[in-house]
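Novice: Questions regarding the structure given below will be posed in turn.
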Protein chains: 2
Amino acid sequence: MPMRHAIDPAMLGGVALFQGLPPENLKAVIERADWRRLHKGDAVFRQSDPADTMFVLVTGHVKVHQATADGQQVVIRFINPWEMMGCVAVCGGGSYPGTAEAVEDCGVLAWPRGTLDQLMDRFPRIARNALSTVSHRLQDTQQQLREVATERVERRIAHALMRLAELSGRRGADGGTEIAFPITRKDIADMTGTTLHTVSRTLSGWEAQGLVANARQRITVLQPDALGAIADDWPTAS
Amino acid sequence: MPMRHAIDPAMLGGVALFQGLPPENLKAVIERADWRRLHKGDAVFRQSDPADTMFVLVTGHVKVHQATADGQQVVIRFINPWEMMGCVAVCGGGSYPGTAEAVEDCGVLAWPRGTLDQLMDRFPRIARNALSTVSHRLQDTQQQLREVATERVERRIAHALMRLAELSGRRGADGGTEIAFPITRKDIADMTGTTLHTVSRTLSGWEAQGLVANARQRITVLQPDALGAIADDWPTAS
DNA sequence: CGCGCGATTGACGCCCGTCAACTGGGGTGG
DNA sequence: CCACCCCAGTTGACGGGCGTCAATCGCGCG
């Protein structure tokens, strides 16, 4: 209860789902949310569980991944603070298509599906926002699909790294952009449809050229433009 | 004008976007639609064009594909009668992420974005329906992404064929299920992230085993369960 | 301090993309 | 109505990108 009021309603206005709602409505929305804390490694929701709750991440980072029957794994996306999770499953009905796992200690806001439906009825703006968000995400996913289907591994890794740096980057000490949460080579492999071995080899090569700096579960982009050149196949001028 | 009234409002009730609307509202919706005819090969909309119109296919079949800068191509999906097209682009804003091309002579209903916005305001049910549809489509696309990222070519082709037969199948003379529109080996290659050569080889192999029947721009699935075994990696009992 | 997991790196091989040549059916224009 | 031609499809040969197997290293947490 006290935790709930620690959340600033103004921050919620920055959440895509609630964009454009007047402050008093934001207050109403936030009062119907549950607050949950998660430790690193905990699951926010699990693949195939009935999709009965939508979440907004407040602090920390979350990895959403999908597993195949034979244990292979695909990373759908990483969630940054103030992004939604589970919205697709709740809006589409059925069950969660993937598992959301905290890669750091996290705090989340949770709305049960029934509450969300009521909120959408009271504030139609929310449904329109959700539609816009999901549409954008579909376009992103289709582009990813195109990349995996048509592009070579090296370029896919470059693309993934640039997107991570752009969306979840943090200024590093050496002027580079560090990905702001712990991420393994396997994670990047599962984002790009390759293996951790190939990712490791590729990153090692780039480190030798000074494009990136590698550490355990840490990656820093030092020369985004050179990486962009690989990602978008410009004429490499060196 | 006369063409418009040839459309049965009851049919429109079967369209996911308008599901649950009472008949009189369906009539209102249909009266605000434009009717267009397209010849085989025509484009309903083109990639990068501003997304200002949403469509419902009435007759024929449409292929939605996305091209890369270097001319490579990915087939996003095939549209069956009474399915929506362009809904993601119009709802998400911006421009069409792909080109929709008639693979047969087609008839479509068209709603300009402004009209659609008005309809969504008048009938909030439409926005909810759209949200549900787009959410489902996103889940489908994510699954496709997982397939392309993790599965071998043969299995991806089998999956694509089974989905096509299921969604667009038509009872053939020989008891098989024929895909109901002209489709090339290249199309299947662009759906599965491979080449027309590999598709041709694979289909030839399956034809020799009696799983499918091949013809020019025509494919018939003869043994769906055997194909399903390949797609889902069951123990092949040959 | 020691164990474990993430990361690195080499060797090997094969799936499948690429290049190339050929075939045949059907639509079109004369 | 026929003949041409183009486009979809087939099939073989070749090679390389990258997946797979395996061994080792070393940071960091317990």
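Novice: Which of rounded, prolate, oblate describes the protein assembly as shown, given a ≥ b ≥ c as roots of the alpha-carbon gyration tensor eigenvalues and a/c under 1.5 marking rounded, otherwise prolate only if a/b is larger than b/c? Numbers along the way, then the final one.
Specialist: On the way: a/c = 1.73, a/b = 1.13, b/c = 1.53.
In terms of gyration-tensor shape, oblate.
Novice: Relative to the Cα centre, what is the charge dipole magnitude of the protein assembly as shown, using +1 at the beta carbon of each Lys and Arg, -1 at the beta carbon of each Asp and Glu, and rounding to the nearest 20 debye? All intermediate terms of the calculation are to be shown ahead of the outcome.
Specialist: Values: 52 positive and 54 negative charges, 48 e Å.
It comes to approximately 220 debye.
Novice: Let's see if you can work this out: charge +1 on each Lys and Arg Cβ, -1 on each Asp and Glu Cβ, no other charges. What is the dipole magnitude of segment B:72-179 about its Cα centre, in debye to the nearest 20? Please report the intermediate quantities before stating the final value.
Specialist: Details: 13 positive and 13 negative charges, 80 e Å.
Dipole about the Cα centre, nearest 20: 380 debye.
Novice: Please list, in order along segment A:164-174, the HN-Hα scalar couplings obtained from phi with the Karplus expression 6.51 cos²θ - 1.76 cosθ + 1.60 (θ = phi - 60°), rounded to whole Hz, x for Gly and Pro.
Specialist: Along segment A:164-174, the couplings run 4, 5, 6, 8, 10, x, 9, 4, x, 5, 8 Hz.
Novice: Find which of B:Gly172, A:Thr192, B:Met120 sits farthest along the positive direction of the dipole of the protein assembly as shown, computed with +1 on the beta-carbon of Lys and Arg, -1 on that of Asp and Glu, about the Cα centre.
Specialist: So the residue we want is B:Met120.
Novice: Among B:Gln217, B:Gln72, A:Met54, whose Cα projects farthest towards the positive end of the dipole of the protein assembly as shown, with charges put on the beta-carbon of Lys, Arg (+1) and Asp, Glu (-1)?
Specialist: A:Met54
Novice: Could you give the nm distance between label points at B:Ala28 and B:Gln118, where each point is 7 Å from its Cα heading toward the beta carbon?
Specialist: It works out to 1.1 nm between the two label points.
Novice: Of A:Ala33, A:Ala208, A:Ala189, which is the most mobile in a GNM of chain A whose springs link Cα atoms less than 10 angstrom apart?
Specialist: Largest GNM mean-square fluctuation: A:Ala208.
Novice: Is the shape of segment B:117-238 rounded, prolate or oblate, going by the alpha carbon gyration tensor and its root eigenvalues a ≥ b ≥ c, with a/c under 1.5 for rounded and a/b larger than b/c for prolate? Please report the intermediate quantities before stating the final value.
Specialist: Working: a/c = 2.26, a/b = 1.83, b/c = 1.23.
Prolate, since a/c reaches 1.5 and a/b exceeds b/c.
Novice: On to the next question. What dipole magnitude, in Debye to the nearest 20, does segment A:123-186 give about its Cα centre under +1 on Lys/Arg Cβ and -1 on Asp/Glu Cβ?
Specialist: 220
Novice: Could you give the length gained by full extension between B:Ala16 and B:Arg36, i.e. 0.36 nm per residue of separation minus their alpha carbon distance, to one decimal place? Provide the component values of the computation, followed by the final result.
Specialist: Values: separation 20, 0.36 × 20 = 7.20 nm, distance 2.04 nm.
Going from the current span to full extension adds 5.2 nm.
Novice: Then there's this: In the protein assembly as shown, how many lysine pairs have Cα atoms under 14 Å apart, counting only pairs 8 or more places apart or on different chains? Please list the in-between numbers first.
Specialist: Details: A:Lys40/A:Lys63; A:Lys63/A:Lys186; B:Lys40/B:Lys63; B:Lys63/B:Lys186.
Eligible lysine pairs with Cα atoms under 14 Å apart amount to 4.
Novice: Out of B:Phe78, B:Phe181, B:Phe123, any idea which swings most in a Gaussian network model of chain B, alpha carbons joined below 10 Å?
Specialist: B:Phe123
Novice: May I ask you to report, in nm to one decimal and beginning with the shortest, the distances from B:Ala16 to the same position in the other copies, taking label points 7 Å along Cα-to-Cβ?
Specialist: Copy-to-copy label distances for B:Ala16: 1.9 nm.
Novice: Also, quick follow-up: Which of rounded, prolate or oblate describes segment A:170-215 when judged by the alpha-carbon gyration tensor and an a/c cut-off of 1.5?
Specialist: On the way: a/c = 2.94, a/b = 1.42, b/c = 2.08.
Verdict is oblate for segment A:170-215.
The numbers here are math on the coordinates, done by the rules we state, and not lab data. These numbers were taken from a predicted model, which means no experiment stands behind them. All Cβ positions, glycine included, derive from the backbone under ideal geometry; neighbour counts span all protein chains shown.
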